[in-house]
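J.: This structure is in structure tokens; I'll ask about it shortly.
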Amino acid sequence: MNRAPAVTAGGSLTVPAIGFGTYGLNGLPALDVIRQAVASGYRLFDAAFNYENEGAVGAALRSASVPRGELLITSKLPGRHHAHDEAIATIEESLLRTGLEYLDLYLIHWPNPGVGLYVEAWQALIEARERGLVRHIGVSNFLPDHLTALMEATGVTPEVNQIELHPYFQQETQRAFDREHGIITEAWSPLGRATDILQDPVLTGIAHKHQITVPQVVLRWHTLIGSVPLPKSADPQRQVQNLTVAGHLPR
Ligand code: A2P
């Protein structure tokens, strides 16, 4: 069992406090990286139709060393397929690509407000959940107005909103809205892409004081503010390091 603490929101979904991002992991090299992430202790995995890696993620997790029921596997609907029938076909295609019987979590990747079909896409996700294709549904990159439109039109609150979030982009307003509505906030690029932030003088000061690394400081910040970070690392040692933040022990 994963000893990670969990985050629960208003719905029936509980997720580990830290998940694993898979953006940029494609093809055969991704298999070892993702299997290693399972061995490192990750149980929540984040993929997307647009990452073009549902095949690799599915193959790695189907052959993982833990039972399917312990894993939470996410994919996302692209903005160009929001029309109802296209959305349903895309979700079915995600399942075929992963080779899984169901996905644990399916998100609308972004609201694509210029096209304005995200409510229709949401209705398709609700239908996919009713059909058992996906167990939980949510959104990504949605603002309060977009979320309000979904809830008013369907009465169904997204279980997750995955947004860009890191110390240089703290998103207080969006996080407060999510919290008030029982929506889990997940963080993409939780390490701010691990560029300038690694040299940040405040963060390096905190890291030095606590004898930990800057990524560990940042990931601890995420868990303290109640966000679920999805760090990606191809490196086994950094995978473990990223799970070893206070209150979250690796296997
Ligand atoms: P690598 O895969 O070589 O470890 P973000 O999740 O914010 O988009 O950042 C992803 C980037 O952060 C990847 O390039 C990854 O590189 C790097 N990264 C992940 N964890 C660490 C870490 N603990 N220390 C340094 N870089 C890291």
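The values are calculated or read from the model by the stated rules, or taken from the named source; none is laboratory data. Since the structure is predicted, the reported quantities are computational estimates derived from the model, not experimental observations. For neighbour counting, all protein chains shown are included, and Cβ atoms are generated from backbone atoms with ideal geometry for every residue, glycine included.
A quick yes/no check of all residues on (1) closer than 17 Å to Y51 by Cβ; (2) touching a residue at least 12 places away in the same chain (Cβ under 8 Å):
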| residue | (1), (2) |
| --- | --- |
| S75 | yes, yes |
| H82 | no, yes |
| A89 | no, no |
| S94 | yes, yes |
| E101 | no, no |
| R131 | no, no |
| I137 | no, yes |
| N141 | yes, yes |
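J.: If only one of T185, T195, T173 is among the β-branched types (V, I, T), more than 11 Å from the ligand (Cβ to nearest atom) and more than 15 Å from the chain's Cα centre (by Cα), which one is it?
T.: Numbers: T185 fails: more than 15 Å from the chain's Cα centre (by Cα); T195 fails: more than 11 Å from the ligand (Cβ to nearest atom).
After ruling out the rest, the residue left standing is T173.
J.: Take G58 and tell me if it is closer than 27 Å to Q36 by Cα and free of Cβ contacts under 8 Å to residues at least 24 places away in the same chain.
T.: Considered against the rule, which asks whether it is closer than 27 Å to Q36 by Cα and free of Cβ contacts under 8 Å to residues at least 24 places away in the same chain, G58 comes out as no.
J.: Do you know which residues across the stretch 217-230 are within 20 Å of H181 (Cβ to Cβ), crowded, with 21+ Cβ neighbours inside 10 Å and either near the ligand (Cβ under 9 Å from one of its atoms) or not polar (S, T, N, Q) (or both)? Explain how you work it out, then say what you get.
T.: Here is the first cut: in the stretch 217-230, the ones within 20 Å of H181 (Cβ to Cβ) are 222, 225-228.
Checking the rest, the ones that are also crowded, with 21+ Cβ neighbours inside 10 Å come to 222, 227-228.
Passing the criteria: H222, V228.
J.: Among the candidates L13, L61, L71, L31, which residue alone is closer than 22 Å to R238 by Cα, away from the ligand (no atom under 16 Å from the Cβ), surrounded by fewer than 22 Cβ atoms within 10 Å (Cβ to Cβ) and not acidic (D, E)?
T.: L71 is the lone residue from the list that is closer than 22 Å to R238 by Cα, away from the ligand (no atom under 16 Å from the Cβ), surrounded by fewer than 22 Cβ atoms within 10 Å (Cβ to Cβ) and not acidic (D, E).
J.: Going by the structure shown, is T173 closer than 21 Å to S227 by Cα, exposed (fewer than 13 other Cβ atoms within 10 Å of the Cβ) and in contact (Cβ under 8 Å) with a residue 12 or more places away in the chain? Let's see the steps before the verdict.
T.: Working: closer than 21 Å to S227 by Cα: yes; exposed (fewer than 13 other Cβ atoms within 10 Å of the Cβ): yes; in contact (Cβ under 8 Å) with a residue 12 or more places away in the chain: yes.
So T173 fits the description; yes.
J.: Would you pick out the residues in the stretch 107-165 that are charged (D, E, K, R), within 18 Å of A187 (Cβ to Cβ) and crowded, with 17+ Cβ neighbours inside 10 Å?
T.: First, the residues of the stretch 107-165 that are charged (D, E, K, R): 120, 127, 129-131, 135, 145, 152, 159, 164.
Those left that are additionally within 18 Å of A187 (Cβ to Cβ): 159, 164.
Result: E159, single match.
J.: For S233, work out the one condition from (1) modelled with pLDDT of 95 or more; (2) away from the ligand (no atom under 13 Å from the Cβ) it doesn't fulfil.
T.: Among (1) modelled with pLDDT of 95 or more; (2) away from the ligand (no atom under 13 Å from the Cβ), the lone unmet condition for S233 is (2).
J.: I've got another one for you. Go through (1) within 25 Å of A124 (Cβ to Cβ); (2) surrounded by 20 or more Cβ atoms within 10 Å (Cβ to Cβ) for P78 and report which single condition fails.
T.: (2)
J.: Of all residues in the stretch 141-170, which are of a type outside the set (D, E, K, R), within 16 Å of the ligand (Cβ to nearest atom) and in contact with a Ser or Thr (Cβ under 7 Å, 6 or more places away or on another chain)?
T.: Here is the first cut: in the stretch 141-170, the ones of a type outside the set (D, E, K, R) are 141-144, 146-151, 153-158, 160-163, 165-170.
Going one step further and asking which of them are within 16 Å of the ligand (Cβ to nearest atom), we end up with 141, 162-163, 165-170.
If the condition is that a residue be of a type outside the set (D, E, K, R), within 16 Å of the ligand (Cβ to nearest atom) and in contact with a Ser or Thr (Cβ under 7 Å, 6 or more places away or on another chain), then Q162, I163, L165, H166 are the ones that fit.
J.: Considering only residues of the stretch 147-158 that are in contact (Cβ under 8 Å) with a residue 24 or more places away in the chain and not in a helix (DSSP H, G or I), which is farthest from F45 (Cα to Cα)?
T.: If we filter the stretch 147-158 for residues that are in contact (Cβ under 8 Å) with a residue 24 or more places away in the chain, which is where we start, we get 147, 149-151, 153-154, 156-158.
This time we only want the ones that are not in a helix (DSSP H, G or I), so: 156-158.
On the way: V156: 24, T157: 22, P158: 18 Å.
The qualifying residue farthest from F45 (Cα to Cα) is V156.
J.: Another question, then. Among the residues of the stretch 192-251, which ones are out of contact with any Leu (no Cβ under 9 Å at 6 or more places or on another chain) and of a type in the set (K, R)?
T.: Within the stretch 192-251, R193, K209, R220, R238 meet the criteria.
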